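Readers should treat all values here as calculations from the given coordinates under stated rules, not as data from a laboratory. It should be emphasised that the depicted structure is a prediction, and the values quoted were computed from it without experimental measurement. Heads up, the Cβs are rebuilt from the backbone with ideal geometry, glycines too, and the neighbour counts pull from every protein chain shown.
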Amino acid sequence: MTKERLFSRLYQIFDSDAFFKFRSSPVTILAGICAIILFGASLGAAVFAPFDPFDKASIDLINSLLPPAWQDGGEPMFLLGTDDQGRDLLSAILYGTRTSVLVGLISVSLAVIIGLFFGLIAGYFGGLADALIMRLVDVQMTFPAIMVALLIDGVSRSFLPRDLHDSLAIFVIILAMAQSIWPQVARTVRASTMVEKGREYVQAAQVIGRAPWIIMARHVLPNVMGPVLVIATINLGVAILGEATLSFLGVGIPASEPSLGTLIRIGNNYVFSGERWILIYPGLTLALLVLSINLLGDWLRDVLDPKLR
């Protein structure tokens, strides 16, 4: 790409309606900065974290329940203090946020793929396929993610060894989150596809003999991605919050591995004994992460929905 084309592309981005709405909203700018910092710090936890909470050789129980560095009894090397296992809380938060973010991204991506597939088929072909898929969607929407996760967890505990069960816990959360999100994507894509298939460009593709799968992939899919992006962004925060909820209930990530939900669960046991930092800082991180994602989702909805322009 030449410099002229690069500058032209950048000018189009900065002169776009989306960027205008972004820079004209201080709340959205703050949410974007917060999301970038949290995502960047968590995904680069191996670089930014002072310690590796997975390295058991670096963990000393003598350092357990140390307060933050600015309080009496705190150590400068543990900026936010330590948890009950002697892990540096800042490092545990960074690695735990990475786990929550990856669970959210994978589960939402899986839900979007499944929802797009079924939504396109239901909306484009209609008839029996539409009826069957929509009844499946209705059934799926009656099962909350937490209930599905508890059901899968209970069955796996009965048939699998404990070590294998703990290693598969993260996949249980991903499947539970994905099954609760994909019906929303499928219903939205179905509605958008039913509108798009009646437009002239789809009818022209049908007249020249293009296969239905090619029409759906090349012509319909790009035009239904706007609402899907909004749903995916908002549900990313829902998935992260769902992972924290399940881990707090003891269904998600094992206590030996840091995640925001497990840290909050551990901190909840020490609220009345004075070690409140184990609960406060992971809780604040989770709240800021989910809030920033939701605010960016609202901005994206305003940009992509022509009725709100």
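For the chain, set up a GNM with springs between Cα atoms under 10 Å and report which of ASP83, ASP55, ASP138 has the largest fluctuation. Looking only at ASP83, ASP55, ASP138, the largest GNM fluctuation is found for ASP55.
In this label model, ASP55 and ALA129 are separated by 5.4 nm, measuring between points 7 Å along each Cα→Cβ vector.
I'd like to know which of GLN71, ILE133, PRO50 lies farthest towards the positive end of the charge dipole of the chain, counting +1 on Cβ of Lys and Arg and -1 on Cβ of Asp and Glu. With unit charges placed on the Cβ atoms, the residue in question is ILE133. Label sites at ALA69 and ARG210, each approximated as a point 7 angstrom past Cα along Cα to Cβ, lie 5.9 nm apart. Taking GLU243, GLU75, GLU275 in turn, the Gaussian network model of the chain (Cα-Cα springs below 10 Å) assigns the largest fluctuation to GLU75. For the chain, the residue among ALA239, SER192, GLY81 whose Cα projects farthest onto the positive side of the dipole built from Cβ charges is SER192. Mean sequence separation of contacting Cα pairs (under 8 Å, at least six apart), scaled by the length of the chain, corresponds to a relative contact order of 22 percent.
Rounded to the nearest 10 degrees, the inclination of helix 89-125 to the longest alpha-carbon principal axis of the chain is 20 degrees.
Per residue, the chain reaches -23500 deg cm²/dmol at 222 nm when only DSSP H runs of four or more residues are counted, each adding -39500 (n - 2.57). Within the listed set ALA232, ALA92, ALA69, the residue fluctuating most in the Gaussian network model of the chain (springs between alpha-carbon atoms under 10 angstrom) is ALA69. Against the chain, whose longest principal axis is taken from its Cα atoms, helix 26-43 shows a tilt of about 60°. Helix 3-14 and the longest principal axis of the C-alpha atoms of the chain enclose an angle of approximately 80°. On the basis of the beta-carbon distance and an R0 of 35 Å, MET141 and LEU288 show a calculated FRET efficiency of 0.75. Compactness of the chain is given as radius of gyration and Dmax, 23.1, 78 Å, from Cα positions. Here the contact order of the range 129-214, divided by its residue count and restricted to Cα pairs under 8 Å and six or more residues apart, works out to 35 percent.
Evaluate E = 1/(1 + (r/R0)^6) for PHE117 and ASN269, where r is the Cβ-Cβ distance and R0 equals 41 Å; express this FRET efficiency to the nearest 0.05.
On the way: r = 43 Å, r/R0 = 1.06.
With R0 = 41 Å, the Cβ-Cβ based efficiency is 0.40.
Which net charge results for the neighbourhood of GLY115, defined as the other residues with beta-carbon distances under 12 angstrom from its beta-carbon, given Lys and Arg at +1 and Asp and Glu at -1?
Numbers: positive: ARG187, ARG190; negative: none.
Neighbour charge sum, excluding GLY115 itself: +2.
Set the Förster distance to 22 Å, then compute FRET efficiency between VAL195 and VAL27 from the Cβ-Cβ distance, nearest 0.05. It comes out at approximately 0.10.
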